[in-house]
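K.L.:
One structure is given below, represented as structure tokens, and several questions about it will come after.
The values are calculated or read from the model by the stated rules, or taken from the named source; none is laboratory data. These numbers were taken from a predicted model, which means no experiment stands behind them. No Cβ is skipped: glycine too gets one built from the backbone with ideal geometry, and neighbour counts run over all protein chains shown. With ligands, DNA and RNA removed, areas are computed over all heavy atoms of the protein, side chains included. Shrake-Rupley method; radii C 1.70, N 1.55, O 1.52, S 1.80 Å.
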Amino acid sequence: MTTSGLIRKRFITPDASDVLFDQRGFAVDTPARAQLELSALQLVFGFEFGIEHKDHDSIIVRLDALSREYRGFAYEGATMALAIRDALTPLPGRSNVEQFLAGPDFTSAPASKHIFMAYIGVGFALARLPRMLWSRALPDARKLADHPSLSWLIMDGYGFHLAYFDHVSWVENHRVPGRLPWPGPAAYTNRVIDHGIGRAMWFVHGGDVDRLLHSIRRFPPDRHADLLSGAGLAASYAGGVTEQELGKLVEGAGAFLPEVAQGAIFAMRARVVADLVTPHSEMAAQVFCGRSAEDCSEIAAKEIENLPEDGAVPAYEVFRQRVQNYFR
């Protein structure tokens, strides 16, 4: 660890207690709570590794020593830290995030297989940075693994951070973001942020499906589909509940079940590519999609092929619609 790493850790790293449910004011005491809190703590651990250590190999060694079930969250935190380092201490021609996730495929660098969670981590970084510094933190998605349209997951991560750390504004009071310095249509940007808010709601409500569905139904109807898509992703990736509880989400989703299934497909793709599939992943894949986690991942791999260029409808949304249509 370098001296600058020690300084960064002292002044930038969030306190671990800041992610715990009591501290956040989540009024839940559910069977899933312990697992969800542990998932959130892994992000802090990963952030500490990413903010302390200059050498990326050292960061990866520490991340890969963590439990497989939670390792993706730690990679999320480490990439968040690297994005903040890029924003605060930029070096010409050098991006920590790009070097950490060097592409163009999942075999080019050990961290590249965590690209899905890494993009979300960059979104976390943006939520903690002044907007004037956002451009410094954003990696060039063309240099990273998989399709560049997946960089929209950055806004998903941004939305998650908003809702997790201020659930009163974003979950209870249904706040809508204003114009953001993000290279995409403002209306669609808000939709992707809703994906992240929906994911955060799985944590805010402690995996209690009844409370989650009641909370989503209080939002304006035109936001339900995107919130449920995010909730489906979180229920599949973070888990913490029984097969029966997942079944309640299937029933409660109603006409938006394809959106829930699409969220599950994204979760399975993230876990399969990173070799982090768990028994819960397999269960969620069967409940939401009627397929194995591996088969779900293949659906994502197939539907992202030959996407059009961004137009009136962003390529990322075309990808999502293709997956949703698979289940309609």
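K.L.:
Indicate the gyration tensor shape class of the stretch 250-328 (rounded, prolate or oblate), computed on the Cα atoms with a ≥ b ≥ c the square roots of the eigenvalues: a/c under 1.5 is rounded; otherwise a/b larger than b/c is prolate and the rest oblate.
P.N.:
Values: a/c = 2.54, a/b = 1.32, b/c = 1.92.
Note, shape of the stretch 250-328 comes out oblate.
K.L.:
Across the chain, how many lysine pairs, 8 or more apart or on two chains, come within less than 25 Å at their alpha-carbon atoms?
P.N.:
On the way: K9/K54; K54/K113; K54/K143; K113/K143; K113/K302; K143/K302.
Lysine pair count for the chain: 6.
K.L.:
Sequence gap at least 6, Cα distance under 8 Å: using those rules, report the relative contact order of the chain to the nearest whole percent. Walk me through the numbers on the way to the answer.
P.N.:
On the way: 558 pairs, mean separation 46.5, N = 328.
Result for the chain is 14 percent.
K.L.:
Could you work out Rg/(2.2 N^0.38 Å) for the stretch 148-284, with Rg from alpha carbons only? Please report the intermediate quantities before stating the final value.
P.N.:
Values: Rg = 14.1 Å, N = 137, 2.2 N^0.38 = 14.3 Å.
Against the empirical 2.2 N^0.38 Å value, I get 0.99 for the stretch 148-284.
K.L.:
For a Förster distance of 25 Å, can you work out the FRET efficiency between the beta-carbons of A255 and S292, rounded to the nearest 0.05? Can you show the working numbers first?
P.N.:
Numbers: r = 26 Å, r/R0 = 1.03.
FRET efficiency, A255 to S292: 0.45.
K.L.:
Can I ask one more? Work out, step by step, the length gained on full extension between E172 and D29: first 0.36 nm times the residue separation, then minus their alpha carbon distance; give nm to one decimal. Intermediate values should be presented prior to the final figure.
P.N.:
Numbers: separation 143, 0.36 × 143 = 51.48 nm, distance 1.84 nm.
Fully extending the segment from E172 to D29 adds 49.6 nm.
K.L.:
Be a star and scan the stretch 34-77 for residues whose amide nitrogen sits under 12 Å from the point 7 Å along the Cα-to-Cβ vector of R94.
P.N.:
54-56
K.L.:
Solvent-accessible area of K54, probe 1.4 Å, all protein chains present, reported in Å² to the nearest ten, please.
P.N.:
For K54, the solvent-accessible surface is approximately 130 Å².
K.L.:
Could you report the stretch 32-89's accessible area per residue, 1.4 Å probe, as an integer in Å²?
P.N.:
Numbers: 1840 Å² over 58 residues.
Per-residue value: 32 Å².
K.L.:
If you take the beta carbon distance between H147 and Y326 as r and set R0 to 22 Å, what does 1/(1 + (r/R0)^6) give as a FRET efficiency, to the nearest 0.05?
P.N.:
Values: r = 17 Å, r/R0 = 0.78.
Efficiency computed from Cβ-Cβ geometry: 0.80.
K.L.:
Now, a different point. Debye calculation, C-alpha points only, no solvent: report log10 I(q)/I(0) for the stretch 96-213 at q = 0.09, 0.10, 0.14 Å⁻¹, in the same order as the q values.
P.N.:
Computed log10 I(q)/I(0) values: -0.26, -0.32, -0.60.
K.L.:
Over all directions, how big on average is the projection of the convex hull of the alpha-carbon atoms in the chain, in square nanometres? The partial results should precede the final answer.
P.N.:
Numbers: hull surface 59.9 nm².
That works out to 15.0 nm², a quarter of the Cα hull's surface.
K.L.:
Once a ≥ b ≥ c are taken as the square roots of the eigenvalues of the Cα gyration tensor of the stretch 34-88, is the result rounded (a/c under 1.5), prolate (a/b larger than b/c) or oblate (a/b not larger than b/c)? Can you show the working numbers first?
P.N.:
Working: a/c = 2.82, a/b = 1.52, b/c = 1.85.
Oblate is the answer for the stretch 34-88, as a/c is 1.5 or above yet b/c matches or exceeds a/b.
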